[in-house]
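J.: Here it is, the structure, as structure tokens.
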Amino acid sequence: MESSTIRILVIVAIIHFPVLIDSAVRQYKFDVVMKNATMLCSTKPIVTVNGMFPGPTLYAVEDDTVLINVVNHVNYNVTIHWHGIRQLRTGWADGPAYITQCPITTGQSYIYNFTITGQRGTLLWHAHILWLRSTVHGAIVILPKCCVPYPFPKPDKEVVVVLAEWWKSDTEDVINEAIKSGLAPNVSDAHTINGLPGPVSDCPSQGGFTLHVEKGKTYLLRLINAALNEELFFKIAGHHLSIVEVDATYVKPFKTDTVLISPGQTTNVLLFADQKQGNYLVTVSPFMDAPVAVDNITATATLNYIGTLTNTPTILTTPPLENATTVATNFVNSLRSLNSKQYPASVPRTVDYNLYFTVGLGLNPCPTCKPGNGSRVVASINNLTFTLPTTALLQAHYFNINGVFTTDFPANPPYVFNYTGTPPSNLQTMNGTKVFRLAYNANVQLVLQGTGIVAPENHPIHLHGFSFYAVGRGPGNYNPMTDPMKFNLVDPIERNTIGVPSGGWVAIRFRADNPGVWFLHCHLEVHTTWGLKMAFLVDNGRGPNQSLLPPPIDLPKC
């Protein structure tokens, strides 16, 4: 798609954005096509939606029904996940390959059909197969129903800001070479802000995104981390940001100069254009407080006050250090649900299932992995490296197909050791396709425990089909006797993706009120590839309104 066409699409979105009405049916067409893209002074073909990187923004209003016809014109199998959409009883539209659907093959199409219920704010959509998410992603903007105001000062303008990564190489080649070697894949060559990295050392002519603002006005920035493998810091020189929403949930506003945002997470911030005329540097840089390689290139953009003279120098800022754990922890600990009368925090007070999952890495034998000295790096939950089936789990569940999965996923670690201390001598994991079965409407408490096997690392864990409350968090090993006494059951943050801190744990609670099969996985794509994933099977409740809907007639077949 030529740049002029892209501009027309953006203009159409802006024109139609203010006039969306309640309870409509929104129809979109997503053509998955190849496009040559030039970045970092080199050109490569990439997989895109409608020829755009990032892809088009999907606009809707709370309670809308959304129909997206995805047509696959490329030589890869494709699925799209509507990240954070609850998909109440419509698991067929959730999108993870071989979990809720078989892929859309070349030349085929599939209509994702779902209703947005009880949600408003910013989410994202992205490919959910292979590493296509690197370029196949975009924003979801869900507006409040007519005449329902934001619970914060009304902005004069709203701007979608998508953060991502860029490889000069084909990302499928990157991960395939890593799988062959048994080692970690090459890190990206740059980070991007709305598809542009800004000038970098080996390509100083590379342009960057410019955000034009008018002095005295307020802007709502809808920040999205669509990166494959890296948590990111976002910062604007000379400006504080007021955090008002994360993962499509309103929060108690607080001000900060630095936002931490993990892959799969979204954060809405209010930017007050209250500084003197000028240009201000915007930075996006990685956060990693473990001995793990990351792309250390800072992406840059420019905040430009309209009317600033062309030759005015840019006011600079220094991004946080890569291992700025204190900055990251302070940000996370500042997040609280709004918990107002209109937007209450409905935290489960009782627990029907008390689950304890270790998340981390391991090493399995691989005789052909010569660079890995005969071993392959893997990842696991409760020491189980998940094996994707060849029939989608949801189809196997709905049609009672035997032999696809078992329901004996362990509720607790099968081996007890000092999870965040000295690792055990045996670093191997088990392989299998196991799910954990939940009764409809049961209250679930899940403690996600990081491990120090191979390397301690922060794991952004995403749960499909639900939002959950992060009731507790801490360093070291979770203590079931003392740590629950410190849980926040009043106004904990509600999210769909949560970071398990490096060398620590996080506790979440949710109500299993959505029948179907729901993926739980690390949103670092390399860890998902390595097997850090599992699924919950939630049984039907009583009657049709508590049961999974039948599959659509155009559901792709394996």
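J.: May I ask you to give the average projected area over all directions of the convex hull of the Cα atoms of the range 157-334, in nm² rounded to one decimal?
T.: On the way: hull surface 44.1 nm².
Quarter of the Cα hull surface area: 11.0 nm².
J.: Provide, for q = 0.21, 0.22, 0.24 Å⁻¹, the log10 of I(q)/I(0) from a solvent-free Debye sum over equal Cα point scatterers in the range 195-288.
T.: The calculated log intensity ratios at q = 0.21, 0.22, 0.24 Å⁻¹ are -1.19, -1.27, -1.39.
J.: Scan around ARG376 for amide H atoms under 5 Å from its own, H built in the peptide plane at 1.01 Å from N, and keep only partners 5 or more places away or cross-chain.
T.: ASN364, CYS366
J.: Using a Förster distance of 35 Å, how high is the FRET efficiency between GLU172 and ASN373, based on the Cβ-Cβ distance and rounded to 0.05? Please list the in-between numbers first.
T.: Values: r = 25 Å, r/R0 = 0.72.
Efficiency, rounded to the nearest 0.05: 0.90.
J.: State to the nearest 20 debye the size of the charge dipole of the chain about its Cα centre, where the only charges are +1 on K and R beta carbons and -1 on D and E beta carbons.
T.: Magnitude of the dipole: close to 740 debye.
J.: For the chain, calculate the relative contact order in percent as a whole number, restricting contacts to Cα pairs under 8 Å that are 6 or more residues apart.
T.: Here the relative contact order equals 14 percent.
J.: Relative contact order (percent) for the range 157-334, with alpha-carbon contacts under 8 angstrom and 6 or more residues of separation?
T.: 25
J.: Gap in Å between the Cα centre of the range 106-166 and the Cα centre of the range 295-335?
T.: First find each Cα centre; the distance between them is then 24 Å.
J.: Also, quick follow-up: Explain nothing, just compute: Karplus ³J(HN,Hα) = 6.51 cos²θ - 1.76 cosθ + 1.60, θ = phi - 60°, for every residue of the range 30-35 in order, whole Hz, x for Gly and Pro.
T.: Rounded to whole hertz, the list is 10, 8, 7, 9, 7, 8.
J.: Can you give me the accessible area per residue for the chain, using a 1.4 Å probe, in Å²?
T.: Each residue of the chain exposes 39 Å² on average to a 1.4 Å probe.
J.: Then there is this: Do any trypsin sites (Lys or Arg not before Pro) in the range 140-235 lie in a DSSP loop with no more than 15 other beta carbon atoms within 10 Å, and if so, which?
T.: Filter output for the range 140-235: LYS145, LYS215, LYS217.
J.: Any idea how far the Cα center of the range 411-474 sits from the one of the range 213-227, in Å?
T.: 35
J.: Here's another thing I want to ask about it. What do you get for Rg/Rh of the range 353-546 when both radii come from the Cα atoms and Rh is the Kirkwood radius?
T.: 0.98
J.: Let me ask something else. Per the helix-only calculation at 222 nm, which mean residue ellipticity applies to the chain, given -39500 (n - 2.57) for every DSSP H run of n ≥ 4 and division by its residues, nearest 500 deg cm²/dmol?
T.: On the way: 5 runs with 47 residues, N = 558.
Estimated from H runs of four or more residues: -2500 deg cm²/dmol.
J.: On the accessible surface of the range 208-295, probed at 1.4 Å, how many percent belong to carbon and sulfur atoms?
T.: It is 52 percent, rounded to a whole number.
The values are calculated or read from the model by the stated rules, or taken from the named source; none is laboratory data. What you see is a predicted model; the values in this text were computed from it and never measured. Cβ coordinates were reconstructed from backbone atoms using ideal geometry, including for glycine residues, and neighbour counts include every protein chain displayed. Side chains included, ligands, DNA and RNA excluded: accessible areas come from the protein's heavy atoms. Shrake-Rupley method; radii C 1.70, N 1.55, O 1.52, S 1.80 Å.
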